[in-house]
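Written below as structure tokens is the structure these notes are about.
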Amino acid sequence: MDAAAEKLPTDLVENLPTDIENLPTNIENLPTNSKGELPVLSVRNLHVYYPVQGGLFKRKVGDVRAVNDVSFDLFKGETLGLVGESGCGKTTIAKAILNLVRTHSGEIYYGKKRIDDPGTIVIPNEKTFKIGRYRGYYAHGNYIFQRITDRFTKDLRQKIQIVFQDPDSSLNPRMKIVDIIGEPLRILKGIKKKSEIRRRVLELLEIVSLKVEHLDRFPHEFSGGQKQRIVIARALACDPEVLILDEPTSALDVSVQAQILNLLIDLQRRFNLAFLFITHDLSVIQHIGTRIAVMYLGKFAEIGTVDDIFHAPNHPYTKALLSARPMFDAELRKNRIILEGEIPSPQHPPPGCAFHPRCQEKGDHSTCNLEEPERIHLGGDHYTWCVPTGTSPKTFKGQEVIS
Ligand SMILES: Nc1ncnc2c1ncn2[C@@H]1O[C@H](COP(=O)(O)OP(=O)(O)OP(=O)(O)O)[C@@H](O)[C@H]1O
Ligand code: SF4
Ligand SMILES: [Mg+2]
């Protein structure tokens, strides 16, 4: 400890907020769904940057802005699809929710409980400190700093679970299925009795249509679809409320994909689960989704119900994504919107609207390369991020191709 450090007065520290739930938050005026329920998960102005190191001494030379000001709410019983090209930041949002990566700024709430790790909180104070320390606090000048970590408690790990794309890398090849699915029961639920774990694992296997003879097998003895069922059973072990599904069907062949999607729909109805469903396959999300958020280079481009996105897409990127789907009609195929150029680097995003170098509608507006797009309400739950309102109106050119 610094020799000059003074101990902060106990009465002062006792009156400081000791828990971030008591700190001022952004979470007022939460929306409700049609049943009047509050969201189970809320993300507000989330930014996640990955540091880029370079040079001889591996110093930080920049940031990959993987997620850049993303906000959304997820309600019980609904599926919010996150779609967008590879590298647009979908998995990073999932990792930030699960506290697997440090957020740069923004807030994440489970119900009304803040669950992200905001790092150091600065609390202004009237008293001036040279240097002061007390438990988790550090004071200097007119500021007291509090380091806050480990908000993602065991309870939360039970309530928010993830299913990754590749079941092979999610399952330990040296463990039997009973131990793989039993692990969260032991660690998170604290169940010790082997017979009880076995009984509960069997229940879970039956939920995902596997059988008692599968209990003592190893992962290599299963097909891809069965392995994904095992991963889903493990995710369900602790009665979660939110399931993050990161491309859960991309590694499977088409017939097995349909089985897993139907299983997920079934489970959602049965347990009233909220799904954050990450995919780049629009037909999958059309089948399973309630709402869809379209992402481009770390930001939302458009969010709306499945009907809004498929039948009244507004953002030029959404239109391009929809028109890139496989189509049988030769006439529609001829009129496809082909995006020019490559996705820009999230380390050096273009100024103004990040989509402007590739946008097929930028000619209709003069400020796309200068001004940040604004969120525009299109009615109901439908929003788009495009040129600021008040400039020339948007066209719907190209929409006839895809609706
Ligand atoms: N650990 C990391 N360090 C540095 N950059 C990273 C790291 N993880 C991801 N990125 C970068 O962050 C951006 C977003 O990555 P992310 O994995 O979230 O994309 P994604 O939308 O899930 O892509 P995909 O559809 O291919 O899975 C990418 O540009 C990626 O290169
Ligand atoms: S702001 Fe301009 S460049 Fe961006 S999506 Fe809208 S029209 Fe295209
Ligand atoms: Mg990903």
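Quick one: net charge of Asp281's neighbours, Cβ under 11 Å, K/R +1, D/E -1?
0
If you average the alpha carbon positions of the stretch 135-196 and of the stretch 208-262, how far apart do those two centres end up, in angstrom?
That distance is 20 Å.
Can you give me the long-range amide H partners of Tyr296? Hydrogens built in the peptide plane at 1.01 Å from N, cutoff under 5 Å, separation of 5 or more residues or another chain.
The answer is Ala301.
Between the stretch 264-323 and the stretch 34-55, how many Å separate their Cα centres?
So the two Cα centres are separated by 17 Å.
Test of understanding: ordering Leu264, Leu215 by Cβ neighbours within 10 Å, fewest first, what list do you get?
Final ranking by Cβ density, sparse to dense: Leu215, Leu264.
Output ³J(HN,Hα) for the stretch 58-64: one whole-Hz value per residue in order, computed from phi by the Karplus curve 6.51 cos²θ - 1.76 cosθ + 1.60 with θ = phi - 60°, and x for Gly and Pro.
In residue order, the calculated couplings are 6, 7, 6, 10, x, 9, 8 Hz.
Between beta-carbons, use under 13 Å as the cut-off and find the net charge around Thr249, counting Lys and Arg +1, Asp and Glu -1.
After counting each charged neighbour, the total is -3.
If we count other beta carbons within 10 Å of each Cβ, what is the order of Ile144, Ile265, Ile309, fewest first?
Numbers: Ile144 22, Ile265 14, Ile309 27.
Placing the least packed residue first, the sequence is Ile265, Ile144, Ile309.
DSSP loop (so not H, G, I, E, B), at most 16 other Cβ within 10 Å: list which trypsin sites (Lys or Arg not before Pro) in the stretch 260-354 pass both filters.
Arg336
Which entries in the list Lys176/Lys211; Lys189/Lys211; Lys112/Lys159; Lys76/Lys192 go over 21 Å, if you measure between the two C-alpha atoms of each?
Lys189/Lys211; Lys76/Lys192
No lab work stands behind these numbers, since they all come straight from the coordinates. Bear in mind the structure is a predicted one, so any value in this text is a computation, not a measurement. All Cβ positions, glycine included, derive from the backbone under ideal geometry; neighbour counts span all protein chains shown.
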